[in-house]
Amino acid sequence: MFAMMLPSDRQGVRPTSRRRDRVTPSRRRRAARHVVSFNLVALMAALVVSCGKKPVLRIGPPSSPLAYTNIDVPEVPWSIHVVRVQLSNSVYHVDSMHAGGGVLGLSTLPAQLKRIPPTLGTPVAAINADFYERFKAYAGEPRGLQIINGELLTAPGGEVNFWVDAQGQCHATNVVSHFRVTWPGGTSSPCGLNEERATNGLVLYTPAMGHSTHTAGGRELVLGAQGTGLWLPLRIGRTYKARVREIRDKGDTPLAPGIMVLSIGPVLAPRLPRIAVGQTLAISTATAPDLAGVRTAISGAPMLVRHGRQLKIPPPRSEDYEYTSRLERHPRSAIGWNGSSLFLVVVDGRQRDLSVGMTLEELASWLVRLGCDEAMNFDGGGSATLWYEGKVRNSPCDHYLRTIANSLIIVRQSSSQ
């Protein structure tokens, strides 16, 4: 097996001559980074294939609980940044973060790390995560599911979601929302969570949305806790009893601690039961599969590796850039894992003399070489950012750090926690 070497065991490592700054290539200092440069043909020749399995690259000594490496493949060229953390090491855990501390807002990855409360621990590595809304009043809204420290911020959209269960095991699969409101008469309706409400939509808003619902028109029910049962912060896989405290017909209802607002679009409102102040509703945050108890979850797409095998990237469903770009070389971000380790991976791109980027097929192939049994794609392009031990390690293609919606982070807990 070919082992990548860190600075403490650099014998035989040939550094590259190209220089890269933390943000701009012209000013990067190689001495501050763990860099390995490979001739692509020599690399494949050096890898040992055992028992018919694909060659596996080792990131740092196997005994090291946390390691970072930058792999250079000059012939393409590619610049691949990898952080590996041992899943069995209880000192490290996986969390997610959002730019605004709630559902909306955009900020750089380093700025998001400053939001981590000291009680959670010290961030040691992070990567940009889900695709997100950028240009409307809902800028920063994640496209799919996000759970931060157990609080449910947004609902799954039916695509791939990554989550960590109560035993610290990583999972990823399509998650379907079964969020529903049950009316006083027993009928029920599907609802969304903290998202833009359509005129025929039904959306539940929590204080995580910000100062108001940002809606226009329709009917909005201001909800408080019914009795002493479950209430905020909202959790996934639960059922809540809510009492209607107020009914508003103008939209954009203010949000405050301790209340939720159920917003009914003007087209849908006449088709739903008429509700009066004082009545009780039931709100379910169920999903398939059941994610009850999950404290960290985030979305991405598509899945790249399953059961150690590279998945085929389906042909584009349309001419939309979201789908056609999967077959083109761009900067990429991804997360992968196996039974012992979690990997954060960013590939630089759109920089001809540094790294041209990868197609999703090429990215999946490299994730298999890293030893990933499972792997999922994150948002890429100008959003692709990898942070490790106080520094952004990759070279963003915009030559500055783009503001993004959310991130996945590795946190180190102190011995006292």
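The values are calculated or read from the model by the stated rules, or taken from the named source; none is laboratory data. Please read these numbers as outputs of a predicted model, since none were measured by experiment. Positions of Cβ are backbone-derived with ideal geometry, glycine not excepted, and every protein chain shown enters the neighbour counts.
For the reader, a short list of remarks on this structure follows.
- Region 75-95: number of residues that are more than 18 Å from Val346 (Cβ to Cβ) and in a loop (DSSP other than H, G, I, E, B): 6
- Among the residues listed as Gly168, Gly150, Gly158, Gly140, the single one being at positive phi and either of a type in the set (Ser, Thr, Tyr) or without any contact (Cβ under 8 Å) to a residue 40 or more places away in the chain (or both): Gly158
- Every residue from region 96-132 that is over 17 Å from His214 (Cβ atoms), assigned to a strand (DSSP E or B) and not polar (S, T, N, Q): Met97, Pro123, Val124, Ala125, Ala126, Ile127
- For region 348-392, the candidate set comprises residues that are hydroxyl-bearing (Ser, Thr, Tyr) and within 17 Å of the chain's Cα centre (by Cα); within that set, the residue that is nearest to Ile116 (Cα to Cα) is Tyr388.
- Residue in region 192-200 that is among the basic types (Lys, Arg), surrounded by 20 or more Cβ atoms within 10 Å (Cβ to Cβ), within 26 Å of the chain's Cα centre (by Cα) and not assigned by TED's automatic domain parsing to the domain that holds Gly336 present: yes
- Exclusive hit being outside the structural domain of Asn377 (by TED's automatic domain parsing), touching a residue at least 12 places away in the same chain (Cβ under 8 Å) and touching an Asp or Glu at 6+ places or on another chain (Cβ under 8 Å), set Val277, Val267, Val305: Val277
- Residue check for Gly258: closer than 21 Å to Pro207 by Cβ, assigned to a loop (DSSP other than H, G, I, E, B), touching a Gly at 6+ places or on another chain (Cβ under 8 Å) and touching a residue at least 24 places away in the same chain (Cβ under 8 Å): yes
- Some residue of region 202-209 being in contact with a Gly (Cβ under 9 Å, 6 or more places away or on another chain), outside the structural domain of Pro142 (by TED's automatic domain parsing) and part of a loop (DSSP other than H, G, I, E, B): yes
- When we screen Val345, Val368 for residues that are farther than 14 Å from Ile127 by Cβ, touching a residue at least 60 places away in the same chain (Cβ under 8 Å) and aliphatic (A, V, I, L, M), the only hit is Val368.
- Given (1) surrounded by 13 or more Cβ atoms within 10 Å (Cβ to Cβ); (2) within 17 Å of Leu152 (Cβ to Cβ); (3) free of Cβ contacts under 8 Å to residues at least 40 places away in the same chain, number of the condition Gly229 does not satisfy: (1)
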